[in-house]
Amino acid sequence: AERHLPYLCRGEVVKGSRELRVPTANFSEQVVESFPSDISAGIYYGWTCVGNGDVHKMVLSIGWNPLYENIKKSVETHIIHTFKDDFYREILSIVILGYIRPEKNFSSLGALISAIQIDIEEAKRQLDLPEHLKLEEDNFFHLSEGKTVNH
């Protein structure tokens with residue numbers, strides 16, 4: 001899972017989810033398809049910013065979308081920050097730094113919510129480490145908002 005990290009990506013937020021009280025910003029299919037095909041499904045952590053806004057910690061899920069019978073991958077970013085407004089159509093920049101765990105099925109909603117909270121705490125802990133903290137200031141977040149960038 002770590003082979004492609006750090007991974008930088010920028011793209012438009014097309015929709016999101018507010019299920020489980022954990023709002024997510026989701027990338028378009030084109031952006032998701034530009035991810036390395038062999039990047040592991042699972043939960044990751046890193047830094048993100050919306051438009052030219054502040055950089056925040058994030059947890060990100062790369063997974064197979066059951067809505068599409070698991071044939072389409074989805075990339076869903078949970079920004080560890082509370083926003084007043086939605087930001088559909090805004091440009092989201094992400095730097096994925098580390099892998100937390102594989103994608104898995106949960107026996108109940110409660111178990112899933114609990115796992116998400118643990119993932120968020122792990123992301124915060126990892127991102128406070130000096131080697132990850134310095135990437136909060138990465139130049140990638142200060143580039144002009146151009147076309148989608150992936151590398």
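As a calculated quantity, the FRET efficiency between residue 136 and residue 108 at R0 = 35 Å, using C-beta atoms, amounts to about 0.50.
The relative contact order of the range 2-140, computed from alpha carbon pairs under 8 Å that lie at least 6 residues apart in sequence, is 31 percent. Along the chain, the exposed loop sites are GluC sites (Glu not before Pro) outside DSSP states H, G, I, E and B with at most 14 other Cβ atoms within 10 Å, and the longest stretch free of them is 1-68. The HN-Hα couplings worked out from phi for the range 89-104 by the Karplus form 6.51 cos²θ - 1.76 cosθ + 1.60 (θ = phi - 60°) are 6, 6, 8, 9, 10, 10, 10, 8, 10, x, 10, 9, 6, x, 5, 8 Hz, whole numbers, x standing for Gly and Pro.
Secondary-structure-derived ellipticity at 222 nm for the chain, considering helices only, amounts to -5500 deg cm²/dmol, per-run term -39500 (n - 2.57) for DSSP H runs with n ≥ 4. Across q = 0.14, 0.15, 0.18 Å⁻¹, the chain modelled as identical point scatterers on its alpha-carbon atoms has Debye log10 I(q)/I(0) values of -0.63, -0.74, -1.11, in the order of the q list. Other residues whose C-beta falls under 11 angstrom from the C-beta of residue 63 contribute a net charge of +1, scoring Lys and Arg +1 and Asp and Glu -1.
A straight chain from residue 14 to residue 40 at 0.36 nm per residue would run longer than the Cα-Cα distance by 7.1 nm. Here the Gaussian network model covers the chain, with springs between Cα atoms less than 10 Å apart; of 135, 109, 92, 109 fluctuates the most. Length gained on full extension, residue 125 to residue 82: 13.6 nm, using 0.36 nm per residue less the C-alpha separation. Note on the chain: GNM, Cα springs under 10 Å; of 85, 119, 138, the largest mean-square fluctuation is that of 85.
Quick note: the coordinates plus some simple rules give every number you see, no bench work behind them. Treat the numbers as computed from the prediction; the structure is a model and nothing was measured. All Cβ positions, even for glycine, are placed from backbone atoms using ideal geometry, and neighbour counts span all protein chains on display.
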